[in-house]
Amino acid sequence: MHARVAAVGGNWKMNLDLAACRTLAGSIASAARAETFGCEITLFPPYPYLPAVESQLRGTSVRLGAQDLCERPNGAMTGEVSAAMLVDVGVTTVIVGHSERRHIRGEHDALVAAKLDAALSAGLQAVLCVGERLEDREAGRTLDVVLAQIDAATASITAGRFSGITLAYEPVWAIGTGLTASPADAQPVHAALRAWTRDRFGALAAEALRIEYGGSVKASLSADLIAQPDIDGFLVGGASLSADEFLRIVRSVEQSSLSTAP
Ligand code: PGA
C-alpha cells in the first residue's frame, strides 16, 4: 500500500522548442485546473524554457523542475547554472545523477554527491537517479551498483535533509530503449533501496521516501508497475512529450493511490 503521496515527473530532456514547451505545459496546466490529481506532478523542461513553462503552470499544483544544476554556488563556471538561479526562476525540484549525465557526460559519484548537497542546501527537492547498465544486470550486480550509487551520493547527507530527496530507479538499459523493466525486475530493486534507507536513515525516513521508476514508462504499463508496494511514481522521458500519454500515466497513478488509500 502507498502511504506516500505518489509523484510523476516529465523529463523533457533536450527536446521541444519554446512554442512546443508552452503548448505542452499549457495542456497539463489546463488538466490540473480541471481535476485534482492524487499525485504530485513536476515538469522538467530545458533550462531556457523554464520561465515560459513557469508562467503556464502558475496558479496550478504542477511543479517546475530542472534537469541538472551546478555543484558550485556562483562564479567562473561557463555554461553552468546554480541552485540559486533555479530557485530564482521558480524551480522547486531538480534531477541529480541522471544516467545520461553519469554515462554520457561522465559525472562521477563525487560530483553527483556535490550536486545533491548544493540542491538540498538551496532548499530544492532533488530527484536522485540510480540505475544499473545492462552488463551489470546480466552479471547479477544490479543491487551492488544501485546501492553503491545511493551510498556515495548521500554520504554527507544528514537524516534531516534526506527528506528532500525522491529516488528514481532508472535502469540504464530501459531508458529511451522502449524496454520497460517488468514489475518483477523493478520491485526488488525498489525494496532494496528502501531497506538500505531504513538501515542508514531509520524506519520513518524509509517509509516516507518516494521511489519513482523510470525507463520507457508508458501508460499501457504504468498501472502494473504502480501496483507494486515500493513503486511510488514515475520519472517519464519520451512519453512525457505527449500531454495525452503523460496524463494517462498520471491518472493510472492516481487510480492506484485511490485504491490503496487506507
Ligand atoms: P524514457 O526516459 O522514459 O524516455 O526512457 C526516462 C528518463 O530518462 O528519465
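The values are calculated or read from the model by the stated rules, or taken from the named source; none is laboratory data. Note that the structure is a prediction, hence the values are computed from the model and not measured. Positions of Cβ are backbone-derived with ideal geometry, glycine not excepted, and every protein chain shown enters the neighbour counts. Note: areas computed on protein heavy atoms with side chains; ligands, DNA, RNA excluded. Shrake-Rupley method; radii C 1.70, N 1.55, O 1.52, S 1.80 Å.
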Exercise for review: State the Cα centre-to-centre distance between segment 196-216 and segment 115-185 in whole Å.
Suggested key: 10 Å
Revision key, fill the gap. For ARG210, other-chain or 5+-apart residues with amide H closer than 5 Å (H placed, Pro excluded) are LEU167
Check your understanding: Along the positive direction of the dipole of the chain (beta-carbon charges: Lys, Arg +1; Asp, Glu -1; about the Cα centre), which of VAL130, ILE249, SER222 reaches farthest?
Key -> ILE249
Study note, to complete from the structure: FRET efficiency for SER27 and LYS218 from the Cβ-Cβ distance with R0 = 22 Å, rounded to 0.05, comes out at 0.80
Check your understanding: So what does ARG251 come to for accessible area, using a 1.4 Å probe and Å² rounded to 10?
Key -> 90 Å²
Review point. Given a cut-off of under 8 Å on Cα pairs at least six residues apart, what relative contact order in percent is computed for the chain?
Key: 23 percent
Exercise for review: Mind checking the full-extension length gain between GLU207 and ASN15? Use 0.36 nm per residue of separation minus the Cα-Cα distance, one decimal, nm.
Suggested key: 65.6 nm
Point to revise | Cleavage-rule hits, trypsin sites (Lys or Arg not before Pro), segment 8-67, DSSP coil, Cβ neighbours within 10 Å at most 14 | key: ARG58
Review point. How large is ³J(HN,Hα) for each residue in segment 93-102, as worked out from phi by the Karplus curve 6.51 cos²θ - 1.76 cosθ + 1.60 (θ = phi - 60°), to whole Hz, x for Gly and Pro?
Key: 9, 9, 7, 10, x, 4, 5, 5, 6, 5
**Study point:** In range of the label at ARG198: residues from segment 156-188 whose backbone nitrogen is under 16 Å from the point 7 Å along Cα→Cβ
**Key:** 187-188
Review point. Which residue fluctuates the most in the chain, going by a Gaussian network model with Cα springs under 10 Å, if the choices are SER240, SER82, SER30?
Key: SER30
Point to revise | Gyration tensor (Cα) of segment 71-138, equivalent ellipsoid semi-axes in angstrom | key: 24, 13, 9
Exercise for review: Sort ASP232, ASP109, ASP199, ASP244 from largest to smallest accessible area, using a 1.4 Å probe on the heavy atoms of the protein chains.
Suggested key: ASP199, ASP244, ASP109, ASP232
Practice item. Step through the residues of segment 183-200 one at a time and calculate ³J(HN,Hα) from phi using the Karplus curve (6.51 cos²θ - 1.76 cosθ + 1.60, θ = phi - 60°), rounding each to whole Hz and writing x for Gly and Pro. Key: x, 5, 6, 7, 4, x, 6, 4, 5, 5, 5, 5, 5, 4, 5, 4, 5, 8
Revision key, fill the gap. Amide H proximity to ARG63 below 5 Å, modelled H, separation 5+ or other chain, gives ILE41, THR42, LEU43
Review point. Hey, got the Cα dimensions of segment 212-260 along the principal axes, in Å, largest first?
Key: 28, 18, 14
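Taking only DSSP H segments of four or more residues, each worth -39500 (n - 2.57), what value at 222 nm results for the chain once the sum is divided by all its residues, to the nearest 500 deg cm²/dmol?
Calculated mean residue ellipticity at 222 nm is -13500 deg cm²/dmol.
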Practice item. Give me the percent of the accessible area of segment 101-219 that comes from carbon and sulfur atoms, probe 1.4 Å, all protein chains in place. Key: 56 percent
Revision key, fill the gap. By the Cα gyration tensor axes a ≥ b ≥ c (a/c under 1.5 gives rounded; else a/b larger than b/c gives prolate, otherwise oblate), the shape of the chain is rounded
**Study point:** FRET efficiency for GLU135 and ARG72, using Cβ-Cβ distance with R0 set to 41 Å, rounded to 0.05
**Key:** 0.80
Point to revise | GLN125 long-range amide H proximity, modeled H, under 5 Å | key: THR93, VAL94
Exercise for review: Please label the shape of segment 89-232 as rounded, prolate or oblate, based on the square roots a ≥ b ≥ c of the eigenvalues of the alpha-carbon gyration tensor (a/c under 1.5 means rounded; beyond that, a/b larger than b/c means prolate, else oblate).
Suggested key: rounded
Study note, to complete from the structure: Under the Karplus relation with 6.51, -1.76 and 1.60 and θ = phi - 60°, whole-Hz ³J(HN,Hα) for segment 67-84, x at Gly and Pro, equal 7, 6, 7, 8, 6, 9, x, 5, x, 7, 9, 3, x, 9, 10, 8, 4, 5
**Study point:** Whole-number accessible area per residue in Å² for the chain, which is evaluated in the context of all protein chains at 1.4 Å
**Key:** 42 Å²
